[in-house]
Amino acid sequence: MARVLYGLFANEEEPMSPAEIAAEYGLPVEAVQEAIAYCRSNPAEIRADWEMEEASIEEMVKRNPGYLHPSMTCPPSIG
């Protein structure tokens, strides 16, 4: 969940403030700020989770060349 909250905060196109995220998810602002700080510390658990997700997406694209994951803005080149 921390990654989700941080992603909303760090989104380059439409970043949300901690207060906006807290309101959207019904969380205390302090909890959102704590999640953001945790992700900024680059913990190994978050990195490992991200790497597993990226590998899964890459595998899906290899098996289905036309597949466009919601987090992708355009299909990657496969080579």
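Among the residues of segment 33-48, just one is more than 14 Å from the chain's Cα centre (by Cα) and among the acidic types (Asp, Glu), namely GLU34.
Cβ-Cβ contacts under 7 Å between residues 6 or more apart (or on different chains), taken from a first residue in segment 6-21 that is more than 16 Å from TYR38 (Cα to Cα) to a second residue that is loosely packed, with under 14 Cβ neighbours inside 10 Å and not acidic (Asp, Glu), are absent. Residues that are modelled with pLDDT under 95 and surrounded by fewer than 10 Cβ atoms within 10 Å (Cβ to Cβ) number at least 1 in the following helices (runs of 4 or more DSSP H) confined to segment 15-70: 44-63.
The values are calculated or read from the model by the stated rules, or taken from the named source; none is laboratory data. Predicted, not measured: the structure shown is a model, and the values here were computed from it. We place every Cβ from the backbone using ideal geometry, glycine too, and count neighbours over all the protein chains shown.
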